[in-house]
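The values are calculated or read from the model by the stated rules, or taken from the named source; none is laboratory data. Predicted, not measured: the structure shown is a model, and the values here were computed from it. Here Cβ is always computed from backbone atoms with ideal geometry, including for glycine, and neighbour counts include all displayed protein chains. Each accessible area value is taken on the protein alone, full model and side chains, heavy atoms only, with ligands, DNA and RNA left out. Shrake-Rupley method; radii C 1.70, N 1.55, O 1.52, S 1.80 Å.
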Amino acid sequence: MTPGVFEYHRPNTVEEALALLGQFGEDGKVLAGGHSLVPMMKLRLAEPAHLIDINAIDGLRGIRDEGDVIVIGAGTTQAEVLTSDLLAKKCPILPEAAAQIADPQVRNCGTIGGNCANGDPGNDDPAIMMALDASYTLQSQDGERQIAAREFYQGIYTTALADNELLTEVRIPTPAEGVGMSYQKIKRKVGDYAIAAAAVTLSMSNGQCTDAAIALTNVGDTALLPLAAADAIKGTSVDASAVDAAAEAAMAASEPVEDLRGTREYRTAMAGQMTRQAIVEALSRAAGS
Amino acid sequence: MSDAQEMTLEEREASIGGIGTARKRKEDARFIRGQGNYVDDIKLPGMLHGDFVRSSHAHALIKSINSEEALKVEGVLAVITAKDLEPLSLHWMPTLAGDMAAVLADKKVHFQNQEIAFVVATDRYAATDGIQKVVVEYEALPPLIDPKTALDDDAPIIRDDVADNDEVGQGKRHHPNHIFEWQVGDKEATDAAFEAADITISEDIAYPRCHPSPIETCGCVASMDATNGKLTVYGTFQAPHVVRTIVSLITSIEENKIRIVSPDVGGGFGNKVGAYPGYICAAAASIVTGHPVKWIESRIDNLSTTAFARDYHMTGELAADKDGKILAVRAKVLADHGAFNTHAQPMKWPAGFFNIITGSYDIPVGHVKVDGVYTNKAPGGVAYRCSFRVTEAAYLIERLIDILAQKTGIDKAEIRMRNFVQPEQFPYNSCLGWEYDSGDYPTALKTALKAVDYDGLRKEQAEKREKGELMGIGVATFTEIVGAGPVRNCDIVGLGMFDSCEIRVHPTGSVIARLGTKSTGQGHETTFAQIIATELGIPSDNITVEEGDTDTAPYGLGTYGSRSTPVAGAATARAARKIRAKAKKIAAHVLEVTEQDLEWEIDRFKVAGSDVSITMKDIAMAAYSNIPEGMEHGLETTDYYDPPNFTYPFGAYICVVDIDRFTGDVKVRRFYALDDCGTRINPMVIDGQIHGGLTEAFAIAMGQEIVYDETGNVLGASLMDYFLPSAVETPEWETDFTVTPCPHHPIGAKGIGESPNVGGVPAFSNAIVDAFAHLDVTHMPMPHTQGKVWKLLNELGLNK
């Protein structure tokens, strides 16, 4: 339970970090909160030759309102997300989810950028970012690009992030006023990944659902965005039969592995149940329902 | 003596801080400041670090071990294998159960993560680097994982080394994978009672393999001093003296040349009773290198290799009449002991005290048969926060009586009332051979039922059932057998299971006491001082209690099985009484009266009918300056106590749960625990023990299991998967008590540490099954994870 030999780097600016990533390529690994990477290093499942610690880069921190977009710096901790007044007001699903991520000690270190960039299907933020249709800013010495969260995830620990790139910020289209949203997660205990979880956003007008997005955590190789589940409630009053249909669609999209969290059957059922609960909760929070 | 005139008797009593005082724990001052001194805090000059190359297979022959590349790693000094230990006869070691266990795998591996080679390096990073470079070539053998197939004719033979032996330390056996058969009770009479009974019930009840998982893993620092030939081992030992004797027996080093020190130990729960390869290898490496060598387990090592608990596959049966009166109990058990029989029980008891399955009930006849088998899993079978196999026994009888209640339609509290051993029956001789010392079970249960408004809960449950909601009420009225134990019954490697206390009163009236036990969190420094305080009238704050250093402490058998208070606590009271008897002679001498003129009053001897007195503090000074002719100076003594019987703590627990029928999530709404541990030494420490024990019971019932796949891979051996509940999951505990003193213990105490685990687990299971009782569900397998509960909900169609 000790890591192998590595060089430790602590850049003070994004530019320095990008230079190190450019220099080391696949031998370099970014250290943010460290709560996924360090345990893997201790088990020697990860043996990066160069560890690039981005915690000293102040420019990566903070949450700001740019009108039509909310921008969250990649180095912003889950604790900061949890206590953000801006997010509580304009995008409450993020603090709601942060409260369900691990425990206070972990949330004080763990970052939103790490959670989004890690590519572990057990991470909670990817599904939420997919539901919110957020995009990620990826920077390298070659320049900067934007990629939609919905396009970012390719497989277990596989993402669109290149070896020389750093995810620097998360950009969320500011949800319209009155959008209802909820993240519902079932887990075995504090600190565990979800048995299954669901993120739901929905808009209601005159009792009809005008828009919706549903995304799932930890029931596939990546976070999932079952479009059929959202379609099942769009244009309905989100009555019981619509909710059932959405849950069925979420279950149909789920492909969980059997592990100590439960059988495939159970975890699939929980993807449906969390979808159900998240829709009901989001509906109760939406204006115009 | 001026204080005496100013203080009332009550104030004097309070100033002592003796038995019955809710005194804050003395040891916590260092623990809450991070100032504890645990094994991994020990750093000696020139200290090296050792760690293991472990088996990736559950069952395989070792074709070769190549250390060449490992020895080239910077900082790696040695790679020790069985071949290197063989000339010292240290490649195998005797177990506490009469078997042998491999120290380093000798020709074959018997379970995944078994120790194969010990890499010694300048630091633990280099040791891990070296481990990665050792190449082991295996020839895989078919693994045997399911104990139910262990005795099949074509089962793979696990232990080639003993395959031809007709016994392996615990009596006759009949298959190479068989370890022992143990029977107790009257089989014929029991079978006849079952034949004749109106009602019989039978249920397969498994208690899954779990692990004590102390927060501090096992470890040691071994240091051989070449100048004087003395081996000092600092380690996480629950029984340091036993370790010293065993080390001496297997190394031939004289016991005076071995010093075993248990510093602060971060929880044991049975995991730290046994001897592990790490201890032997660290000691051997220190002898070979001349440097101190440290070995510290990782969490994965701890959960996957050092002593597990339970893994009992039980079939329990009750015979009863129409009124629910139990007429007979019968149990058959298959016990999975893993690859070596390293279970830690008194040696004459291969299934521990499992014959306490009569529980709190007056059962005329019974029979128990237990068969132990080898499998390709980690060895162990320790008592995880319970006396030996008592938690398995309590679980079985408490589940069975609930099933009987359902079968007869009698309320689950009422059926217990009908079957209790009655207060006037004590001392009570059970049909399976125990003499229960004292108890008042009806009062305990009545108090509990009233406290939770049991009738109101049943009414609420009926209403909820009408609405399709699931609410369960679990009752457990358990009896333990603890305090091992009487030497006529109990020994470990031939050592009687007495315990000891040495007390020295200093001239100015303060005290140091040393015991043969070893606190791993129980608060001995606090509670044993309180016993002495009451017996000697010396403030407990002026009494230092030390344990764990075999060079200073009197010989003892250690701390496990709730034995410290019943055995060492009794020795403490008796040692103090010997001192008080001598003090009385000194008092008579100083006051120039006869002993018959003196009476004891809190902290002094007083001349009856007068104001003349002398405090224990003043007597202490006199013991060193002014003693009667012919008396020896000083005020100190040692007591070795062989208890005449075990103690039998008991309790009545009630658990109320609500179950989410869509997710299988179980919410513990209420948990009420009434314990009777006899005389209560420190109510605050007792509450702490109950809170901890109930939390572990909750963990076991709801999630703890060491799971293997069919090839013998151990799954989930980290705290990511193994369920250690945090404060968030842990229910709130309500504690209550009755006091039925132990008639044979000097202060009437019975022990408390393990009751909440023993009684807690069935209370949870009973509550969860009770939620489904109206649907004819009689049993569900532990642990009650969300997924397992949901499976039942799904089968019953309740989640629609």
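One table, with the values for the structure above:
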{"item": "For the stretch A:61-173, accessible area per residue (1.4 Å probe, heavy atoms of protein chains only), Å²", "result": "37"}
{"item": "Cα Rg over Rh - chain A, Kirkwood", "result": "0.98"}
{"item": "Descending semi-axes in Å of the stretch A:61-173, equivalent ellipsoid built from Cα gyration tensor", "result": "21, 16, 13"}
{"item": "Exercise: per-residue mean of other protein chain Cβ atoms within 10 Å, B:782-789", "result": "4"}
{"item": "Rounded tilt (10° steps) of A:240-253 against the dominant C-alpha axis of chain A", "result": "40"}
{"item": "Rounded Å value of the spacing that divides the Cα centres of the stretch B:731-800 and the stretch B:466-521", "result": "22"}
{"item": "Average beta-carbon neighbours from other chains, 10 Å sphere, peptide A:260-267", "result": "5"}
{"item": "Given charges at beta-carbon only (K, R positive; D, E negative), |dipole| of chain B in Debye", "result": "460"}
{"item": "Considering only the stretch B:472-568, percent of DSSP beta bridges that pair antiparallel, nearest 5", "result": "60"}
{"item": "In Hz, Karplus ³J(HN,Hα) per residue of the stretch B:500-509 (6.51, -1.76, 1.60; θ = phi - 60°; x = Gly, Pro)", "result": "9, 8, 10, 10, 10, 9, 6, x, 8, x"}
{"item": "Using alpha carbons only: equivalent-ellipsoid semi-axes of the protein assembly as shown, gyration tensor based, whole Å", "result": "52, 37, 32"}
{"item": "Heavy atoms of A:Arg171 accessible to a 1.4 Å probe, total area in Å² rounded to 10", "result": "60"}
{"item": "Among the listed pairs B:Lys172/B:Lys750; B:Lys325/B:Lys459; B:Lys230/B:Lys518; A:Lys187/B:Lys133, those beyond 32 Å (Cα-Cα)", "result": "B:Lys172/B:Lys750; A:Lys187/B:Lys133"}
{"item": "For peptides B:320-330, B:13-23, sequence by mean Cβ density within 10 Å, most packed first", "result": "B:320-330, B:13-23"}
{"item": "Computed magnitude of the charge dipole of the stretch A:1-119 (debye, nearest 20; Cβ of K, R +1, Cβ of D, E -1)", "result": "320"}
{"item": "Accessible heavy-atom area order of B:Val707, B:Val168, highest first, probe of 1.4 Å", "result": "B:Val707, B:Val168"}
{"item": "Cα-based equivalent ellipsoid, the stretch B:476-544: semi-axes from gyration tensor eigenvalues, Å", "result": "28, 17, 10"}
{"item": "Mean Cα-pair separation over length for the stretch A:7-53, i.e. relative contact order, pairs under 8 Å, 6 or more apart, %", "result": "56"}
{"item": "Among B:284-292, A:211-219, the order from most to least packed when residues are scored by Cβ within 10 Å on average", "result": "A:211-219, B:284-292"}
{"item": "Shape category assigned to the stretch B:622-720 from the gyration tensor of Cα positions, a/c cut at 1.5", "result": "prolate"}
{"item": "Alpha-carbon Debye profile of chain B, log10 I(q)/I(0) at 0.07, 0.08 Å⁻¹", "result": "-0.54, -0.70"}
{"item": "Distribution of pairwise C-alpha distances over the stretch B:93-209, 5 Å bins, in %", "result": "2, 8, 12, 14, 15, 13, 10, 9, 6, 4, 2, 2, 2, 1, 0"}
{"item": "Inter-chain Cβ neighbour average for residues B:714-726, partner chain, 10 Å", "result": "3"}
{"item": "The stretch B:273-354, Rg to Rh (Cα coordinates; Rh as Kirkwood inverse mean 1/r)", "result": "1.24"}
{"item": "Whole-angstrom gap from the stretch B:142-181 to the stretch B:614-672, using each part's C-alpha centre", "result": "42"}
{"item": "Mean-position separation - Cα centroids, the stretch B:198-260 and the stretch B:376-420, in angstrom", "result": "29"}
{"item": "Solvent-free Debye scattering, log10 I(q)/I(0), computed from the Cα coordinates of the stretch A:1-78 at q = 0.11 Å⁻¹", "result": "-0.33"}
{"item": "Overall Cα dimensions of the stretch A:195-289 - principal axes, largest extent first, Å", "result": "44, 19, 19"}
{"item": "For peptides B:638-648, B:134-144, sequence by mean Cβ density within 10 Å, most packed first", "result": "B:638-648, B:134-144"}
{"item": "Whole-number percent relative contact order across the stretch B:242-373, with pairs defined as alpha carbons under 8 Å at least 6 apart", "result": "19"}
{"item": "Label point distance in nm, B:Arg577-B:Ala462, each placed 7 Å from Cα along Cα→Cβ", "result": "5.3"}
{"item": "Cα-centred dipole magnitude for the stretch A:180-285, charges only on beta-carbon of K, R (+1) and D, E (-1), debye, nearest 20", "result": "380"}
{"item": "Nearest-0.05 FRET efficiency for A:Ser284 and A:Asp85, computed from C-beta distance (R0 22 Å)", "result": "0.50"}
{"item": "B:His211, B:His589, B:His49, ranked by accessible area, largest first (probe 1.4 Å)", "result": "B:His589, B:His49, B:His211"}
{"item": "Relative contact order (percent, whole number), chain A, Cα cutoff 8 Å, 6+ residue spacing", "result": "16"}
{"item": "Charge dipole of the stretch A:7-53 about the Cα centre (unit charges at C-beta), most positive-ward option of A:His9, A:Leu21, A:Gly34", "result": "A:Gly34"}
{"item": "Protein-only accessible surface order, largest first, of B:Arg25, A:Arg264 at 1.4 Å", "result": "A:Arg264, B:Arg25"}
{"item": "Two-decimal Rg to Rh for the stretch B:466-620 - Kirkwood Rh, Cα set", "result": "1.18"}
{"item": "Within the protein assembly as shown, helix-based [θ] at 222 nm, where runs of 4 or more DSSP H residues each add -39,500 (n - 2.57), nearest 500", "result": "-8500 deg cm²/dmol"}
{"item": "Label-point separation, B:Ser64 to B:Asp28 (7 Å along Cα→Cβ), nm", "result": "6.0"}
